[in-house]
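Novice: Below you'll find the structure I mean.
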Amino acid sequence: MVAECQQRNDVRSLILDRRHVTSKLWTRAFSGATFRRIIFDAVSCGASSRYRHHEEEEDYPTSTSTSSSAVSAAGTSTKTSVRAILNDDENKADKLLDLLNIAEAESEAETKKKVQSLEELKRVVKILQCGGDDDGGEELLIKRKTKAASELRLLTREDSKARTTLAMLGAIPPLVGMLDSQNENAHIASLYALLNLGIANVVNKAAIVEAGAIHKMLKIIESHDPISQNPNQSVSEAIVANFLGLSALDANKPIIGSSGAIHLLANTLIDSNCSRQSKQDALRALYNLSIFPPNVSFILERTELIPSLLSVLGDDMESSERILSLLSNIVSTPEGRKSISFVPDVFPILVDVLNWMDSPSCQEKASYILMVMAHKAYGDRQAMMEAGIVSSLLELTLIGTPLAQKRASRILDCFSVDKGKEISENFSGNSRNVVGSAPIYGSSSSTNPSEMKEWMGDDDMNISDENKAVKRLVQQSLHDNMERIVKRANLPQDFVPSEHFKSLTTLSTSKSLPF
């Protein structure tokens, strides 16, 4: 009996143990964490996770059929996922490899292109320096260099790197040397090649001047055909264009100015046979050179230049603005102001520019020239007054740009100071002269007190007679000038009667002008 009970207990224990093992296997086989770990191991380590799966199966070799099928299904699913992931990784790797190959191919192509471009530049420079490998006569040598200079001109037209590289390879000295030949085609090719080399490259501009290009270009102009008395127009235009480019560098301004190139540029402006483009380049080059004050004296040596420039003001707005810019630099020197003031009708011409409402820039430049001259010379102020500048200045202070308003106001201040001094001197010397120009209260020919009160106000009756005269003169000037402005505006006379003008100017003083 005891043995039978012991056997039953052993069987029950075995059953319980097997149930425990089955439950443990089921939990491990279908646990979410376990399944995720299997997938993670498969993705991270590839096929090595399969060995780990077999080891887990060996820990529990005996199990129910249900648990075995579940584990087998899980293993099959894991293998499928691993194959899909590996295939996707292989596709990505192939794409990445393709991209790397494309980038490498592009890099090689770009490098090859740069090498070819450098070899081309070297070939051009070699021809310029020695004419090529084959022997030939002087004429053939010039033709080869001319062709190489034309190629260089095309290579540097829009390639800033090529300009720098060619200069470093030594292209500038042989191009400048080509100016010594007697072939006009060689001159044109080398001049335009030099022009392109200097575009937006200050180092090349300085190198061209250092190589002696300025004197060689002037020599070409001087050695013109004695029959035509003029060099080839294309050569002349190319030389003027080079002076324009080289004059943009501050270090070149004194060298060009003292070389005699200014006379060439002035002749180009005055000569009616020169093309419009050449005249524009010469005008811009003169402006660049006039920024350096010592060059102004060289510009003034051509006495007919300033009258010629003033005579064409208004023909073209773009040219007019450049002419006024040049005059603005010239007027900054004493000799420049003197030369401008000696030109007949200069002030009527400049006063007329103040009325160009469609060109504010020209108004600003003309007002600057007049402001400098009015500030420096009493005689110029008198000439401006005779030209009728006051009405134009008053109009400019009302509707001009802020800069033009400020300059016009300063000119008016100079005039008011002159009037005050004139009245003060006349009043101290002879009271009759004062009465004649501006009646003063209390004098024999002045208006009665009630009329003075009407013009000047109650508060102004206590000021001195001298100040009263100045104030009345200013009011009368404002009244007259406003009448001129209305006439210029073509308003009907009954629209703004004289009494209305009087009321507008009663409370006006020179200090009320916009600054």
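The values are calculated or read from the model by the stated rules, or taken from the named source; none is laboratory data. As the structure is a computational prediction, the values presented were derived from the model and not from experiment. Note that we place each Cβ from the backbone using ideal geometry, even for glycine, and neighbour counts take in every protein chain shown. Side chains included, ligands, DNA and RNA excluded: accessible areas come from the protein's heavy atoms. Shrake-Rupley method; radii C 1.70, N 1.55, O 1.52, S 1.80 Å.
Novice: Among rounded, prolate and oblate, which fits segment 224-331 when a ≥ b ≥ c are the square roots of the eigenvalues of its C-alpha gyration tensor, a/c under 1.5 means rounded, and a/b larger than b/c means prolate?
Specialist: It is oblate, given that a/c is not under 1.5 and a/b is not larger than b/c.
Novice: For LEU244, LEU403, LEU166, give me the order by solvent-accessible area with a 1.4 Å probe, most accessible first, ignoring ligands, DNA and RNA.
Specialist: So the residues, ranked largest to smallest area, are LEU403, LEU244, LEU166.
Novice: What's the extension gain from ALA93 to GLU301 if we count 0.36 nm per residue and subtract their Cα-Cα distance?
Specialist: Extending this stretch completely gives an extra 67.0 nm.
Novice: With each label point set 7 Å from Cα along the Cα-Cβ vector, what nm distance links ASP352 and GLU386?
Specialist: Those two pseudo-labels are separated by 1.8 nm.
Novice: Can you compute the FRET efficiency between ALA109 and LYS143 using 1/(1 + (r/R0)^6), with r the Cβ-Cβ distance and R0 = 35 Å? Round to the nearest 0.05.
Specialist: Step by step, r from the Cβ atoms, then E = 0.50.
Novice: At 0.36 nm per residue, minus the direct Cα-Cα distance, what do ALA200 and LEU100 gain on full extension? Give it in nm, one decimal, please.
Specialist: 32.2 nm
Novice: Next up: First check a/c for segment 102-258, with a ≥ b ≥ c the square roots of the eigenvalues of its C-alpha gyration tensor; if it is under 1.5, answer rounded, and if not, answer prolate when a/b is larger than b/c or oblate otherwise.
Specialist: Because a/c hits 1.5 or more and a/b fails to exceed b/c, segment 102-258 counts as oblate.
Novice: Would you please classify the overall shape of segment 126-186 from the alpha carbon gyration tensor, given that a ≥ b ≥ c denote the square roots of the eigenvalues, rounded means a/c under 1.5, and beyond that prolate means a/b larger than b/c while oblate covers the rest?
Specialist: The shape class here is prolate.
Novice: Report ³J(HN,Hα) in whole Hz for each residue of segment 110-120, in order, from the Karplus equation J = 6.51 cos²θ - 1.76 cosθ + 1.60 where θ = phi - 60°; Gly and Pro get x.
Specialist: 5, 4, 5, 5, 5, 5, 5, 5, 5, 5, 5
Novice: Per residue Cα convex hull volume for segment 348-402, in cubic angstrom?
Specialist: 66 Å³
Novice: Using 0.36 nm per residue, how much length does the chain from CYS130 to ALA251 gain when fully extended, once their Cα-Cα distance is taken away?
Specialist: 40.4 nm
Novice: How large a share of the accessible area of segment 264-401, in percent, is made up of carbon and sulfur atoms when the probe is 1.4 Å and the other protein chains stay in place?
Specialist: The value for segment 264-401 is 53 percent carbon and sulfur by accessible area.
Novice: May I pose another question? For LYS338, put the label point 7 Å out on the Cα→Cβ axis and report which residues of segment 353-386 keep their amide N under 11 Å from it.
Specialist: Taking a point 7 Å out along Cα→Cβ of LYS338, no residue of segment 353-386 has its backbone N under 11 Å.
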